[in-house]
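Here is the structure we will look at.
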């Protein structure tokens, strides 16, 4: 697939690297030649210096025969104009646009074919705030992903000493929970992936990914660790777009305080929020945190756009008694450094955004993609089409499907029914299949599995 990426920032660069490794023809456009030179040195891609929305620049990048344009520059306006230019001049089949400002997202007419002509809108702020909301609803989880419109969830938890299943084989899950069907999709032990089998023993500190119907998730978590009490008091450091969106979505369920250092922004926040308390000050001020009862806070969320400020305020909050600390970190190099110590969860906006972008790039009928373990693994929801003659998966039991190494099928959604995958489960046409891949190099093989042969047409 020929793809033009506009913007060599962190999202654009990570996306270019991911897609180039999957044998796509990638060209990236950016106004900073130094940034492009650096990318070109370690990734086999085309680079075009210039302004991303200019017609001549898009033409030099190969806009006339591109299959897709992904506009992820820092400017909403540049992204939108670039999509409109690609539509009008080159009739580009698919145009994906990153838009941050919520006021642009209120009208479908604005973004439709007769407007800016964007096919897919990606809003990082919305994606990240939804991801945090899911983590808050499931205390103790490290990652929570929805599939099949929320019918199925994939959850990552750290197994603790004292959990009923810790030190035991996975096959005993059914004995422990006879009324609940679940499947362990993968285990990460000291950052090394393990494809689970019935005889695999879960050890303390393992990061366990399991899949189950949404209603059964809490029961599954209780087998692996002591259940945390539901969160009540949330403190958010940073009242930017992410902080505001999150506070809006959770203020009716929790006691929320937002700390913002800019006085003008505080006014905007207080006008936009109904129940949340808005405080003007620095989240790294010890006296302010103590005054606002940080020791009684269940979750401290550092969501400013400054990584260093987020890390330092999180460490201080934890030292002063905050029970859980979640930190927004843009620099991927920092994520592995801090997660798991004083900081409980490091949230990477790039990885969350890239998962949404990859959904629209995958071949076959892939409806959802989620990046896991900072891009080391991937979860995918694909729809099976065709019949036993035209498809490699339809009409076959899971044990008879030649899955690539490191790939497991976790669950199948058939209409409103959730089926946890077992060896004898037969896949039918139009089933939503949830897969887990620990080796991302195998993605093209998985895509081919779900592509329908010519005999179907």
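Is it the case that residue 364 is at pLDDT below 85, touching a strand residue (DSSP E or B) at 6+ places or on another chain (Cβ under 7 Å) and either assigned to a loop (DSSP other than H, G, I, E, B) or surrounded by fewer than 17 Cβ atoms within 10 Å (Cβ to Cβ) (or both)? Criteria met by residue 364.
Residue 399 meets each of the listed conditions (1) surrounded by fewer than 16 Cβ atoms within 10 Å (Cβ to Cβ); (2) in a loop (DSSP other than H, G, I, E, B); (3) more than 27 Å from the chain's Cα centre (by Cα) apart from (2). Mind listing just one residue for me: the one in region 146-169 that is touching a helix residue (DSSP H, G or I) at 6+ places or on another chain (Cβ under 8 Å), crowded, with 20+ Cβ neighbours inside 10 Å and under 21 Å from residue 371 (Cβ atoms) and, of those, modelled with the lowest pLDDT? Looking at residues that are touching a helix residue (DSSP H, G or I) at 6+ places or on another chain (Cβ under 8 Å), crowded, with 20+ Cβ neighbours inside 10 Å and under 21 Å from residue 371 (Cβ atoms), I get 157.
Considering each residue of region 418-429 in turn, at least one proves to be in contact with a strand residue (DSSP E or B) (Cβ under 6 Å, 6 or more places away or on another chain) and farther than 25 Å from residue 149 by Cβ. When residue 298 is tested against (1) in contact with a strand residue (DSSP E or B) (Cβ under 7 Å, 6 or more places away or on another chain); (2) surrounded by fewer than 23 Cβ atoms within 10 Å (Cβ to Cβ); (3) at pLDDT below 95, exactly one condition is not met: (3). Would region 87-94 turn up any residue that is assigned by TED's automatic domain parsing to the domain that holds residue 19, within 27 Å of residue 349 (Cα to Cα) and touching a residue at least 60 places away in the same chain (Cβ under 8 Å)? Scanning region 87-94, I find at least one residue that is assigned by TED's automatic domain parsing to the domain that holds residue 19, within 27 Å of residue 349 (Cα to Cα) and touching a residue at least 60 places away in the same chain (Cβ under 8 Å), so the answer is yes.
Select from region 323-334 the residues that are part of a loop (DSSP other than H, G, I, E, B) and surrounded by fewer than 23 Cβ atoms within 10 Å (Cβ to Cβ) and write down the one among them that is modelled with the lowest pLDDT. Here the residue is 331.
Being outside the structural domain of residue 343 (by TED's automatic domain parsing), assigned to a loop (DSSP other than H, G, I, E, B), touching a residue at least 24 places away in the same chain (Cβ under 8 Å) and farther than 22 Å from residue 373 by Cβ is a condition met by no residue of region 202-218.
The values are calculated or read from the model by the stated rules, or taken from the named source; none is laboratory data. Here the structure is a predicted model, which means the values were calculated and not measured. Methodologically, a virtual Cβ is constructed for each residue, glycine included, from the backbone with ideal geometry; neighbour enumeration extends over all protein chains shown.
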